1. Using a probe of 1.4 angstrom, how much of the accessible area of the chain is carbon and sulfur, in percent?
2. In region 132-238, what GluC sites (Glu not before Pro) fall in a loop by DSSP, with at most 14 other Cβ atoms inside 10 Å?
3. List, in order, the whole-Hz ³J(HN,Hα) value for each residue of region 345-353 obtained from phi through the Karplus relation with A = 6.51, B = -1.76, C = 1.60 and θ = phi - 60°; use x for Gly and Pro.
4. Looking at region 289-397, which trypsin sites (Lys or Arg not before Pro) are DSSP coil and have at most 14 other C-beta atoms within 10 Å of their C-beta?
5. Could you give the length gained on full extension between GLU387 and ILE280, defined as 0.36 nm per residue of separation minus the Cα-Cα distance, in nm?
6. Near LEU281, within a Cβ-to-Cβ distance under 14 Å, what is the net charge of the other residues, with Lys and Arg +1 and Asp and Glu -1?
7. Starting from the 7 Å offset along Cα-to-Cβ, what nm value, one decimal, do you get for the label separation of ASP188 and LYS339?
8. Calculate the FRET efficiency for GLU369 and ARG63 from the Cβ-Cβ distance with a Förster distance of 30 Å, rounded to the nearest 0.05.
Amino acid sequence: MKVSIVGSGYVGIVTGIGFAELGHEVSFIEVDKDKVNRINSLQPPIFEKGLEKLMKKNEGRFRATTEYRVLEESEVIFICVGTPSKNDGSIDLNFIKEAAKEVGKFLEDQIVVVKSTVLPDTTENILKPILEKESGRVAFEEFGLAYNPEFLREGSAVYDFFNPDRIVIGTNDLMSKNILEELYSQFDCPKLFTNIKTAEMIKYASNAFLATKISFANEIGNICKILGIDSYEVFRGVGLDHRINPSFFRAGIGFGGSCFPKDLKALIKKAEELGINPKILKAVMNVNERQPMKLIELLKKHIPELNGKKIGVLGLSFKPDTDDVRDSRAIPIVEEILKEGGKVIAYDPKAVDNFRRIFPQITYADKAEDVLESDAVLILTEWDEFEKLNYKGKLVIDGRRVEKAKEAAVYEGVCW
Ligand code: UDX
């Protein structure tokens, strides 16, 4: 099939290269010329495990361009542009509205599939009128329109593309349903067909539930810490109940990244607009915002006065295997240390360049070992290589559970 992908962020590029690997002919439409050049020279526009290899393997099956005109040759058009948060937490639809406008200009009888995360009713009430106005055609009759959420985790997005737990397809017209059924026919996971707004809600409810699970783990973890109980053992015991499930149950310094904080805020805002006070969702955010400060409290238990002290930070990305620092828990932690007059020396295998844009004033080490020569070492991301360091004789406060660090002279886990 001829597939177009509008927007080549991590969702767009992984989805497009995934479809190329499955034998489809893929065009990326991207406004950023630099990204276009990178893709056409087989270089991933983002760091994502396995992506470069897959791009090289599928050379000739995809191309990138800044020209929307290529949409005329497509059968299916995926919209994968970003939907970031505005300052008030509500969702910023400017990029996706702009994309819909451009797509509309080249729309005949193709299927438009929205993949960007958007709140229920956005596809039908906001994007559909734009597409119809620009194309002069009627959705669900003269062109197809669908919503197909992504559940890709950064860092394992390529694996997740080929091994989904489920595929959710929201359609209101048979033409879109049939084409998407065919496009996804090589996947043997459960496929759920719903209407468009249900599919939009499934995405938000999934992320809200996962975020809730983490904040729940952190709240129980904080209680465990005071009682001298290892919350990891507790959650192993709890997770064995099949209704609960052991995965995604790690207590620590909370969730970051481009999805959970943004999606939760948007859902809270939407609920409030509807006259609902989303108490649980707000509590999930509150616990998450407080959690990095638990690590600072533990640090200050050992070093009450941070002024002039050298604090080593291991890990800056919001999780391992990515260079992404968006909403990383390292941000409020570094901010607090600097506020209290501490000096920070930090190391991360991938995220230094991105973190440096936010904190140009701290010192960045080339090797993890250099960070260990500090008054205290904080572990903020569980990169594999941190399991190989020598922590003997050090003061370590661990926000992510790196087992090897327990050999430190003084070791504190944030929830264990
Ligand atoms: C998430 C969803 O998992 C994915 O389905 C969706 O499409 C996009 O958002 P991602 O943001 O890549 O993916 O990261 P994820 O692996 O879910 O982790 C999010 C954050 O939660 C990280 O900061 C991670 O450190 C933290 N986390 C995760 C925990 O603190 N404990 C856990 O048990 C799991």
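1. C and S atoms contribute 50 percent here.
2. Numbers: sites: GLU132, GLU134, GLU141, GLU142, GLU150, GLU154, GLU181, GLU182, GLU200, GLU219, GLU233; in loops: GLU141, GLU142, GLU150, GLU154.
Answer in residue order: GLU141, GLU142.
3. So the Karplus estimates, Gly and Pro as x, are 10, 10, 9, 8, x, 10, 9, 4, 4 Hz.
4. Numbers: sites: ARG290, LYS294, LYS300, LYS301, LYS309, LYS310, ARG326, ARG329, LYS339, LYS343, LYS350, ARG356, ARG357, LYS367, LYS388, LYS392, LYS394; in loops: LYS309, ARG326, ARG329, LYS350, LYS367, LYS392, LYS394.
Here the trypsin sites (Lys or Arg not before Pro) that fit, given the DSSP loop and packing criteria, are LYS367, LYS392.
5. Numbers: separation 107, 0.36 × 107 = 38.52 nm, distance 3.52 nm.
In short, 35.0 nm is gained.
6. Details: positive: LYS213, LYS262, LYS265, LYS269, LYS270, LYS279, LYS282; negative: ASP263, GLU272, GLU273, GLU289.
Result for the local shell: +3.
7. 5.4 nm
8. FRET efficiency, GLU369 to ARG63: 0.10.
The values are calculated or read from the model by the stated rules, or taken from the named source; none is laboratory data. Small disclaimer: the values here were computed from a predicted structure and weren't measured. For neighbour counting, all protein chains shown are included, and Cβ atoms are generated from backbone atoms with ideal geometry for every residue, glycine included. Please note that ligands, DNA and RNA were not included when accessible areas were found on the heavy atoms of the full protein model with its side chains. Shrake-Rupley method; radii C 1.70, N 1.55, O 1.52, S 1.80 Å.
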